[in-house]
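Structure first, commentary second.
The values are calculated or read from the model by the stated rules, or taken from the named source; none is laboratory data. Predicted model only: the values in this text are computed from it and were never measured. Here the Cβ is made from the backbone with ideal geometry for all residues, glycine too, and neighbour counts use every protein chain on show. Accessible surface is based on the protein model in full, side chains and every heavy atom, while ligands, DNA and RNA are left aside. Shrake-Rupley method; radii C 1.70, N 1.55, O 1.52, S 1.80 Å.
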Amino acid sequence: MARRRRKPRLAVWKFASCDGCQLSLLDCEDELLAVADALEIAYFPEASRGEIRGTYDLSLVEGSITTAHDAARIQDVRRRSCRLVTIGACATAGGIQALRNFADVEAFISVVYANRAYIQTLATSTPIADHVGVDFELQGCPINKRQLLEVITAFLSGRRPTIPSHSVCIECKLKGNVCIMVAHGTPCLGPVTHAGCGALCPSYNRGCYGCYGPMETPNTRALSEWLQSLGMTPGDLLRVYRKFYANAAAFRTESKRHDP
Amino acid sequence: MTHKTIKVNYLARVEGEGALRVTVRDGVVRAAELRIFEPPRFFEALLRGRAFAEAPDITARICGICPVAYQMSAVHAMENALDVHVDGPLRALRRLLYCGEWIESHALHIYLLHAPDFLGYAGAIDMARDHPETVRRGLALKKVGNAVLSLLGGREVHPINVRVGGFYRTPTPQELAPLAENLRRAREAALETVRWTAGFDFPDCNRDYELVALRHPQEYPFNEGRIVSNRGLDISVAEYNRHFVEEHIAHSTALHSRLRERNRYLVGPLARYSLNHDRLSPLAREAAAEAGLGPSCTNPFQSIIVRSVEVLYACDEALRIIEHYQEPERAAVELRPCAGVGYSATEAPRGLLFHRYRLNGDGTIAEAQIVPPTAQNQPSIEEDLKTFIGDWLELPDAALRERCEQTVRNYDPCISCATHFLNLEIDRA
């Protein structure tokens, strides 16, 4: 009789974040028990107090690096992970907390906390890939749970995940949405934003606000000119690019063009 | 007695990072410290200079488990600053959205995070091996809450359809109809949940809390009401800072909140239920009575029954809203940016969530203040531990550690929110 192979081990790690991306896994109500059957959930403190120490076949990492302790901890996570996938805006770009990268962190601390000595933080919030090698990055604030299942399935079967890298515009076309920017003059980041949400905002009569981060090679400069023609001020443009993906290269560079 | 230390370095089944340290001397608990080491993200600082309209999207990112609570407190505070009032079907849709979040968040905590403590499992996945139908019922209930969020908000985590003044797009009554089908099934599952949790074994741990929650003249509270307590507090939301104070404690990146006059207090399901029992729907009130709950509940371990009653109420209320819904002519009321100060408190699943903003004349945010429920409950969690652990010191270390963890999980603490959570370290000398 052939020896039974052990189930692949999954670990879910959290750094600076809102817990929303790892919640996406618990939000797979119809698939959660099947996932738990196909693999061994070896470390997932949000879901279980059980813990299997050692190494993991797949690590999902949520959150950004904002403390010296976390910068050291991610090195340990990498050493213990065969494959490491980052999930969400915080892990892939630094998240909303990366707005400190454009400000004086000491001023930020003084706004929120009375006693400086109690707070330990780095001056920047940085993505995981700035610290360790990453096997795949899944964008989104929050990630799409269908895409998360695809990523887990792909890594368990030893292939690359099939995640489209085109813009939200393509998703609107596929859905048959009327372009809200062309038809209604509603400012929209769809042309430069990575697909994955299913063109949610335009489907709700709202302009895309870029929560899936920049697509591959976005033409942000051309979009900015268009947004200006719709009445956006430099202050508006600065805020538009400097939000949940403020620290992603394409949005960071474009935001600096509008920073007085 | 020799020196002895027990540690829980990372508290599981809570949202965020925290640890616990308990000091015991001569059989007496001297100190209990909940250490929150969730890294600070400085929301109140990064909101400065942002447009008022961005607050609901940005503050949602404080917590992936209860983003609607942040969105609701943000929009109501902004509307207060801009002196507009949202009424009619838009107001009803906001309550409906909150029902979705209560169902989703409470079902997550009841079935996946809290019940394993009572039944002796490390987590819901282990529990599912012996009780597959129960876990499936919990997941199905959670899914209906998420369906409300998806339809009305666009998605479960960080909904996109909420705006200051209303929504971007309102649903047609026909779109809500299939939701009603699901909610009727969820209401049955919620009733079964109340009966199931009422059968758990509860330690006799009633506490003398000052309970704080919203109270509304007609409704079980979500978005509106006065802030009241069982010790005579009765204030408007704008008076919050006159009565509550936040303190920065060395062992926590969460600020502790205290009542200026009377120190620690409790927010959340126990407080809400005990102060608003008469505002529950008849069905939810009957189910509570059948479960053995009086009009007030101060045993934190029984919070799991109270959450179940609130899930039942939320299903009932959601169905009532859908039944009476008529699509509004416009998805949002018109707003004109102006200088001003706005306040709001809404009932997040974990308790009162206070927001205050001061706006500049161009509608940008000059100051933001956010007081999440877990920060308000932290002193009470520590007091619970100090009060209860004395009776448990004879337990073996592993059992004592589990009991301490459960005491913290009673609160469904959301540490990501509070930062601004857990190692258990028990020092017995």
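Look at (1) open to solvent by 10 Å² or more (accessible area, probe 1.4 Å); (2) more than 15 Å from the chain's Cα centre (by Cα) and you find that A:GLN147 fails only one, number (2).
Restricting region B:82-129 to residues that are within 13 Å of chain A (Cβ to nearest Cβ) and among the charged types (D, E, K, R), which is most open to solvent (accessible area, probe 1.4 Å)? Among residues in region B:82-129 that are within 13 Å of chain A (Cβ to nearest Cβ) and among the charged types (D, E, K, R), the one most open to solvent (accessible area, probe 1.4 Å) is B:ARG129. Based on what the data block shows, is A:PRO161 open to solvent by less than 20 Å² (accessible area, probe 1.4 Å) and away from chain B (no Cβ under 12 Å)? The answer is yes for A:PRO161. Return the residue satisfying two criteria in turn: it lies in region A:113-134 and is small (Gly, Ala, Ser) and assigned to a helix (DSSP H, G or I), and of such residues it is nearest to the other protein chains (Cβ to nearest Cβ). That would be A:ALA117.
Whenever a residue of region B:50-73 is charged (D, E, K, R), its partners that are surrounded by fewer than 24 Cβ atoms within 10 Å (Cβ to Cβ), lying with C-beta atoms within less than 7 angstrom and at least six residues away or across chains, give the pairs B:ARG50/A:ARG239; B:ARG50/B:ILE58; B:ARG50/B:THR364; B:ARG50/B:ILE365; B:GLU54/A:ARG239; B:ASP57/A:TYR209. Of all residues in region A:164-176, those satisfying the criterion of being touching a helix residue (DSSP H, G or I) at 6+ places or on another chain (Cβ under 8 Å) and open to solvent by 40 Å² or more (accessible area, probe 1.4 Å) are A:PRO164, A:CYS169, A:LYS175.
Residue-by-condition table, conditions (1) of a type in the set (Gly, Ala, Ser); (2) in a helix (DSSP H, G or I):
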{"site": "B:SER274", "(1), (2)": "yes, yes"}
{"site": "B:GLY292", "(1), (2)": "yes, no"}
{"site": "B:GLU317", "(1), (2)": "no, yes"}
{"site": "B:ARG320", "(1), (2)": "no, yes"}
{"site": "B:ARG330", "(1), (2)": "no, no"}
{"site": "B:GLU334", "(1), (2)": "no, no"}
{"site": "B:THR346", "(1), (2)": "no, no"}
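Taken together, the criteria exclude A:ALA38 from residues that are closer than 24 Å to A:ARG79 by Cβ and in contact with a helix residue (DSSP H, G or I) (Cβ under 8 Å, 6 or more places away or on another chain). With respect to the conditions (1) modelled with pLDDT under 75; (2) at the interface with another protein chain (Cβ under 10 Å from one of its Cβ atoms); (3) buried (at least 24 other Cβ atoms within 10 Å of the Cβ), B:GLY64 lacks only one, and its number is (1). Listed by position, the helices (runs of 4 or more DSSP H) inside region B:105-164 whose residues that are hydrophobic (A, V, I, L, M, F, W, C) and within 15 Å of B:VAL68 (Cβ to Cβ) number at least 2 are B:132-153.
If you check B:GLU54, B:GLU79 for being in a helix (DSSP H, G or I), farther than 28 Å from B:SER308 by Cβ, open to solvent by 10 Å² or more (accessible area, probe 1.4 Å) and not hydrophobic (A, V, I, L, M, F, W, C), only one passes: B:GLU54. For region B:272-299, enumerate the residues that are charged (D, E, K, R) and surrounded by 21 or more Cβ atoms within 10 Å (Cβ to Cβ). Residue satisfying the conditions is B:ARG272 alone. I need the full set of residues from region B:130-142 which are of a type in the set (Lys, Arg) and more than 9 Å from chain A (Cβ to nearest Cβ), in order please. Hit for region B:130-142 is B:ARG137, nothing else. For region A:237-258, the candidate set comprises residues that are open to solvent by 10 Å² or more (accessible area, probe 1.4 Å) and not in a helix (DSSP H, G or I); within that set, the residue that is nearest to B:ALA60 (Cα to Cα) is A:LYS243. Of all positions in region B:143-156, at least one carries a residue that is more than 10 Å from every other protein chain (Cβ to nearest Cβ), farther than 30 Å from A:ALA42 by Cβ, open to solvent by less than 50 Å² (accessible area, probe 1.4 Å) and β-branched (Val, Ile, Thr). Evaluation of A:ASP70 against the conditions (1) under 29 Å from B:ILE370 (Cα atoms); (2) more than 12 Å from chain B (Cβ to nearest Cβ) shows that the sole unmet condition is (2). Every condition in (1) more than 11 Å from every other protein chain (Cβ to nearest Cβ); (2) within 19 Å of B:VAL306 (Cβ to Cβ); (3) not polar (S, T, N, Q) is met by B:LEU176 except one, and the failing one is (2). Screening A:GLY231 against (1) facing another protein chain (nearest Cβ under 10 Å); (2) of a type outside the set (Asp, Glu); (3) open to solvent by 30 Å² or more (accessible area, probe 1.4 Å); (4) over 19 Å from the mean Cα position of the chain (by Cα) leaves a single unmet condition, (1). If the condition is being in a loop (DSSP other than H, G, I, E, B) and under 14 Å from A:ALA248 (Cβ atoms), then region A:135-158 contributes A:GLN139, A:GLY140, A:CYS141.
Look at (1) more than 24 Å from B:TRP102 (Cα to Cα); (2) open to solvent by 10 Å² or more (accessible area, probe 1.4 Å) and you find that B:PHE244 fails only one, number (2).
For B:THR59, the criteria (1) at pLDDT 80 or above; (2) surrounded by fewer than 24 Cβ atoms within 10 Å (Cβ to Cβ); (3) more than 8 Å from every other protein chain (Cβ to nearest Cβ); (4) out of contact with any strand residue (DSSP E or B) (no Cβ under 6 Å at 6 or more places or on another chain) hold in every case but one, which is (2).
Only one of the numbered conditions (1) surrounded by fewer than 24 Cβ atoms within 10 Å (Cβ to Cβ); (2) in contact with a Lys or Arg (Cβ under 9 Å, 6 or more places away or on another chain); (3) within 15 Å of B:VAL228 (Cα to Cα) is violated by B:PRO269, and that is (1).
Do you know which of the residues in region B:190-230 that are modelled with pLDDT of 95 or more and among the basic types (Lys, Arg) is surrounded by the fewest Cβ atoms within 10 Å (Cβ to Cβ)? Top of the filtered list is B:ARG195.
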